[in-house]
Amino acid sequence: MNICTSERIYQEALNVIVGGVNSPSRSFRAVGGGAPIFMKKAKGSHFWDVDGNRYIDYLAAFGPIILGHAHPAVHQAIVEASENGILYGTPTEKEVYFAKMLRSAIPSMEQIRFVNSGTEAIMTTIRLARAYTGRDKILKFAGCYHGHSDLVLVAAGSGPSTLGIPDSAGIPQSIASEVITIPYNDLDALQEAVNHWGDQIAAVLVEPLVGNFGIVPPQPGFLEKVNELIHQAGGLVIYDEVITGFRFHYGGIQTLYHIEPDLTALGKIIGGGLPIGAYGGRKEIMDKVAPMGPMYQAGTMAGNPLSISAGIACLQELSSPGLYEELAQKGKRLAEAIRQSAQENEIPITLNQYGGALTVYFTNQPVTNYEEAQASDGEMFAKFFRIMLEQGIYLAPSKYEAWFITTSHSDQDITETMKAVEHTFSQMASM
Ligand code: PMP
């Protein structure tokens, strides 16, 4: 595959954009380095790069593009909205409509505020939990990524772990010392943390199904126990549903599992591909937010007509009956084929699949927490990634990310991907 134009642009990019990329997870450093592929166009399940190569896209822009690229309904909503002006700085009726849509899908979000990213949504839920409880400490799970605000970059996963940066530079020790990190799915560690710091914990941050060290579901009873122990200790439970919101179900993991947090953060899918975030929860807690209460949070771009219109269009599409079942069927078909091909080629993998999302770990051990994900073989993943890419299959360039199947992936895409996987594993077996 010829990627000489990507390579040329990358050299130019390195001169003006730090690392050549506007988000570290886009770089190919975790898969051996070199030029990342510069994309030019995308439609449905496909990408085209600047050299004219076509790819089947399983990145889905790290989650938001669940309907595929340039979906007609989302496209039309954005075009129509832009004709009426793109930013007002005043409230609009559409924001109210969209907030009502979100609340009817996720009833624990009694009151909602729109922001511009998942990072902002999480950062604000933390501030709010601190304002509400009068406490400072935050409990989080190792390897879970909650955006790049100071508190949650302590022992974060995803991008930072991929780059081997356990803690970001520039975060004061005083902030890091307010964060307690324990392994996911580990109830003993949770109990211990609560015994030790229970009366200081403002909130626990939970990915109710992990997407940031690959796809890792909560073990049965885990989420219930988190709620029970944190509530007993007087803290709040914050669900980070930035990835999981509307990914597996029309609503969140919370509505799928019938378990409610106190606060929820959303992002990604709810913007239909445009920048957005949202947080919300019980009215009594949300009443602390300005202008109702003493906790300040604001945003020039928050609730802008384009993001809101794209989000409404996206959610309307996602409410079609049978849509999530179909995504899950495709996920299962792909997962089974990958497992079978790995077995035939005697390549040890653990494949975690949930609905239309999956992660292939190069390990023969189960992956239920970050440590186990870390122990998977990154070099094997890099080989897998490169050979798949050569065949026009675009995966996230990190062993910690998920493959996201979108409604635009056709049976033919899946069949083509399965063939590429077979070829890749047989090449790897002969190396
Ligand atoms: N929370 C989770 C669970 C995420 O996966 C991400 C982004 N990958 C964020 C928060 C941060 O969202 P954003 O990149 O929109 O700031």
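Among the listed residues Leu223, Leu266, Leu256, Leu229, identify the single one that is out of contact with any Cys (no Cβ under 8 Å at 6 or more places or on another chain), surrounded by fewer than 18 Cβ atoms within 10 Å (Cβ to Cβ) and either of a type outside the set (Asp, Glu) or in a loop (DSSP other than H, G, I, E, B) (or both).
Result of the check over Leu223, Leu266, Leu256, Leu229: Leu256.
Could you figure out which of (1) modelled with pLDDT of 95 or more; (2) under 27 Å from Asp377 (Cβ atoms); (3) over 22 Å from the mean Cα position of the chain (by Cα) isn't true of Asp57?
(3)
Do we find a residue being over 22 Å from His423 (Cβ atoms) and in a loop (DSSP other than H, G, I, E, B) anywhere in the stretch 372-379?
For the stretch 372-379, residues over 22 Å from His423 (Cβ atoms) and in a loop (DSSP other than H, G, I, E, B): present.
If you check every pair at least six apart or on different chains, which have Cβ atoms under 7 Å apart with a residue in the stretch 219-248 that is in the same structural domain as Ile138 (by TED's automatic domain parsing) and charged (D, E, K, R) first and a residue that is assigned to a strand (DSSP E or B) and within 15 Å of the ligand (Cβ to nearest atom) second?
As it stands, the answer is Asp240/Leu205; Asp240/Val206; Asp240/Ala265; Glu241/Thr264; Glu241/Ala265; Glu241/Leu266; Arg247/Ala357, since those pairs meet every condition given.
Identify, from the list Leu153, Leu209, Leu163, the residue that is assigned by TED's automatic domain parsing to the domain that holds Gly245, modelled with pLDDT under 95 and in contact with a Ser or Thr (Cβ under 6 Å, 6 or more places away or on another chain).
Result: Leu153 is the single residue among Leu153, Leu209, Leu163 that is assigned by TED's automatic domain parsing to the domain that holds Gly245, modelled with pLDDT under 95 and in contact with a Ser or Thr (Cβ under 6 Å, 6 or more places away or on another chain).
Those residues that are charged (D, E, K, R) and either free of Cβ contacts under 8 Å to residues at least 12 places away in the same chain or over 12 Å from Ala302 (Cβ atoms) (or both), I need them from the stretch 81-122; list them, please.
Glu83, Glu93, Lys94, Lys100, Arg103, Glu110
Tell me which residues, restricted to the stretch 182-213, are assigned to a loop (DSSP other than H, G, I, E, B) and within 12 Å of the ligand (Cβ to nearest atom).
Glu207, Pro208, Leu209, Gly211, Asn212, Phe213
For the stretch 271-280, does any single residue satisfy the condition of being away from the ligand (no atom under 16 Å from the Cβ) and of a type outside the set (Val, Ile, Thr)?
no
May I ask you to list the residues in the stretch 269-288 that are closer than 21 Å to Leu59 by Cα and either not assigned by TED's automatic domain parsing to the domain that holds Phe222 or not in a strand (DSSP E or B) (or both)?
Ile269, Ile270, Gly271, Gly273, Pro275, Ile276
May I ask you to say which residue of Ala429, Ala373, Ala337, Ala420 is closer than 30 Å to Thr181 by Cβ and of a type in the set (Gly, Ala, Ser)?
Ala373
If you take just the helices (runs of 4 or more DSSP H) that sit entirely in the stretch 27-141, which of them hold at least 3 residues that are within 16 Å of the ligand (Cβ to nearest atom) and on the phi < 0 side of the Ramachandran plot?
Counting at least 3 such residues, we get 118-133.
The rows are residues; the columns are (1) over 23 Å from Tyr145 (Cβ atoms); (2) among the acidic types (Asp, Glu); (3) touching a Phe, Trp or Tyr at 6+ places or on another chain (Cβ under 7 Å); (4) modelled with pLDDT under 95.
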{"site": "Leu358", "(1), (2), (3), (4)": "no, no, yes, no"}
{"site": "Asp377", "(1), (2), (3), (4)": "no, yes, yes, no"}
{"site": "Phe385", "(1), (2), (3), (4)": "no, no, no, no"}
{"site": "Glu390", "(1), (2), (3), (4)": "yes, yes, no, no"}
{"site": "Leu395", "(1), (2), (3), (4)": "no, no, yes, no"}
{"site": "Lys399", "(1), (2), (3), (4)": "no, no, yes, no"}
{"site": "Ala402", "(1), (2), (3), (4)": "no, no, no, no"}
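The values are calculated or read from the model by the stated rules, or taken from the named source; none is laboratory data. Here the structure is a predicted model, which is why all the values come from computation and not from measurement. Note: ideal-geometry Cβ built from the backbone for every residue, glycine included; neighbour counts use all protein chains shown.
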